Structure formats: structure tokens, C-alpha cells
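These notes are about the structure you will find just below.
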């Protein structure tokens, strides 16, 4: 049985020739993704530090606030997917960029905890109305599986480039753990808004390319279609579990380091973020060609196993010494470089062409992991301390178990 569709990724021969076939709009979307994520990484990873130092919030309170923001993203993301399916990607991207600017500027200008949390809630909307529609628009414009997989790999690569240089620029200009940095992030969405307004046509691009009208799908119909697709549900559950584990790295690990040593935490968090992004960039560059020969379920299994190992290493590290944490980060980053882009590719390739918009709209349920992670992590951190990393290791192993159980059916589905 051939598994070529699953293994056809960006490292295959003809990479640069394939890149040359990308429409200009795809390059623009990748560029703006890089710009907004660059400014994002100067401030957002330090949000737990800001909430602790400026507003004296407990780990559980921080978890509740970040979970509420992500839950709002899930709820409105489903409706955003329906709007983009019915009216096109342009309108939802305009709303998303507009809300993003307002939300981040609110965080920068907040003088009290109430206004700061309001900004978090607004950002909860913008994530679901910018990130999934951008991926959906690229899929609409590219069409075939290989080019879509390459675009997702390039997007993930650029995000990690931003994650390397964003914190470094923040350190150089003294912007890390400062609320004012959110103002820069908000302002970067304005040129993105202008580009979408001027250059993204209204309407459903995929329908125009196919020369046929794609019927609008209502929210309850989307949920019905997804509920009957057992393999997609399994992949979606794995993506949610991956998000829960990863958000612990962004939202819970900084709090854990603050508990160990508040004075050393900010510098250590910055070094961890830069090490993570550099490792992902280097490892992804070298590993893609090797992984191209391995089918998609096996890639995900490998990434999940490394993820679990990294969580056990975090559990065993009980000081703020730099080198042990950087070593653990390298292990975690290797798992991330394999697991996260391949889960995104799996969700994209499992979506049938006639319902791609609906499926990608439903994929916002992945942010349930982002929603639940800070709350679960905050409670576990408050009650068990380092024991929080045992729970994330078990979740990583559960992800592996689901993929292993569904691996044969996934390969058949991808072949079809």
C-alpha cells in the first residue's frame, strides 16, 4: 500500500520549483504571519510574569483568565468559520485584524486588572478570526496536497524564526515583561488589515476557482459532519492534547520558574524561548528530508514520544540553573518540530475538498487545548508543583496511543 500522499512534504525534490508556483497572496500571508508573530513573541510569553508582578495574581487566577480567553476563541471561532465559509475569508480576516489591534492596545494601556483581562478576552476572539482563516485561505489558493503541506511547513518555520528574534529584540530594547510591548504587537496588525482590505477579494475564492458554487454550511451541520467523521475526530483530539502540553510550556513553565526563583525567571524564560525556536529551526531544516520517507502516523508517534520524554525531564529539573533547562528545552523542541507541523498537515489532508472551509473552521476546536491547558496547569502547579509535568507526560502518551490505534485507517484515508 502506497503512502505517498502522507509522505509528500516540503523536503521532497523540487522544493524551490514548488515555491515558485505559490501565488503572490500566499507569500504576503506568510510575510504578515511572520511580522505579527515577531512582535507577539516580544511580549506574550511573559504575560504570566506581567500578571504575577503587576497584578499579584495567583497561578490559578492566571489559569482562569487565560482559559476564559481561549474558551471565547473556541466559541466565536466556530461562528467565524461559518462566516468565512458563507461570505469568504476577507470579512473574517478584517474583523480578526481589527479586534487584534484593539485587544493588544488595550493590554498596553490597561491601568487595572479588569481592563487587562478585558484585553485578554478580545485577543481570544482575534486568534480564532485570524489564524485559521489565514490557513484556510492558503489552502483555497494552493489546492493540491503537496503545496498545501509545504505552505504549512513554511508558515511554521517562519513562526519559529519570529520566536528566535522576537525575544532577542525585546531584550536589546528592554521590552521583555513590559506591557508597552503589546502596543507594538497591536500596531503590526494595521498593515495586515490594510492589505486584506485592498488585495483580498470578497467572496469564496475556492468556489470561484472550481467554477461552482459551494453551498453554505450552517454551524449545526458542521458539527454533524465532523461528529460522523471518526478519524478526523481522533486527529482533532490528538491536536487538542498536543495544544494542552505545548501551552504548559508557554503559560505554566514560566510560573513554575517564578516559584523556583523570581529573580532568575525572566532571563531564563527568554533563553528557553530562544533555544526552543533555534532548535526547531535547525532540527526542522535537517529532519524534513529524512521524515519525508516516513508515513504521517509514524512521524506523529515519534514526536509524541519525544514530547513525553521532555516532560519527564522537566519534572526532574528542580533548580533554575541555565544548562539543565536548555538541555530539556532542546529535547522538547525536537518533539515540537516533528509533532506540531505534522498534526497540522494531518488535519489539512483529512479535510475533504468539498467541506474544507467547514473542517478548517471546526479545527479551531484545537484551541480547547489552549483553553484548558492554563487552568489545568495552574491548578496542578498550585497543588503538586513539579507534578504538573507528570500529567503532561501522560497526555503525550495518550496522544501516541490514539494515533497508533488509528494508524491503518489514517493511511487508507490519505491514500483515497
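The values are calculated or read from the model by the stated rules, or taken from the named source; none is laboratory data. All values reported here derive from a predicted model rather than from experimental measurement. Ideal geometry is used to build each Cβ from the backbone, glycine not excepted, and the neighbour counts take in all protein chains shown.
Being under 25 Å from residue 200 (Cβ atoms), in contact with a strand residue (DSSP E or B) (Cβ under 9 Å, 6 or more places away or on another chain) and either in a helix (DSSP H, G or I) or at pLDDT 85 or above (or both): is that true of residue 90 here? Please lay out each step first, then the result.
On the way: under 25 Å from residue 200 (Cβ atoms): yes; in contact with a strand residue (DSSP E or B) (Cβ under 9 Å, 6 or more places away or on another chain): yes; either in a helix (DSSP H, G or I) or at pLDDT 85 or above (or both): yes.
Considered against the rule, which asks whether it is under 25 Å from residue 200 (Cβ atoms), in contact with a strand residue (DSSP E or B) (Cβ under 9 Å, 6 or more places away or on another chain) and either in a helix (DSSP H, G or I) or at pLDDT 85 or above (or both), residue 90 comes out as yes.
So for segment 294-301 (the condition being in a helix (DSSP H, G or I) and closer than 20 Å to residue 60 by Cβ), does at least one residue qualify?
no
Given the residues 42, 138, 57, which is the only one that is outside any helix (DSSP H, G or I) and in contact (Cβ under 8 Å) with a residue 40 or more places away in the chain?
Answer to the selection: 57.
When segment 306-357 is examined, which residues are found to be assigned to a loop (DSSP other than H, G, I, E, B) and farther than 30 Å from residue 138 by Cβ?
Passing the criteria: 317, 318, 319, 320, 321.
Kindly list the number of the only condition in (1) out of contact with any helix residue (DSSP H, G or I) (no Cβ under 9 Å at 6 or more places or on another chain); (2) crowded, with 23+ Cβ neighbours inside 10 Å that fails for residue 323.
(2)
Restrict the check to segment 169-188 and report whether at least one residue is within 30 Å of residue 19 (Cα to Cα), at pLDDT 80 or above and surrounded by fewer than 18 Cβ atoms within 10 Å (Cβ to Cβ).
Yes, there is a match, as at least one residue in segment 169-188 is within 30 Å of residue 19 (Cα to Cα), at pLDDT 80 or above and surrounded by fewer than 18 Cβ atoms within 10 Å (Cβ to Cβ).
Within segment 309-316, is even one residue in contact with a helix residue (DSSP H, G or I) (Cβ under 6 Å, 6 or more places away or on another chain), at pLDDT below 90 and surrounded by 17 or more Cβ atoms within 10 Å (Cβ to Cβ)?
No, segment 309-316 has no match at all.
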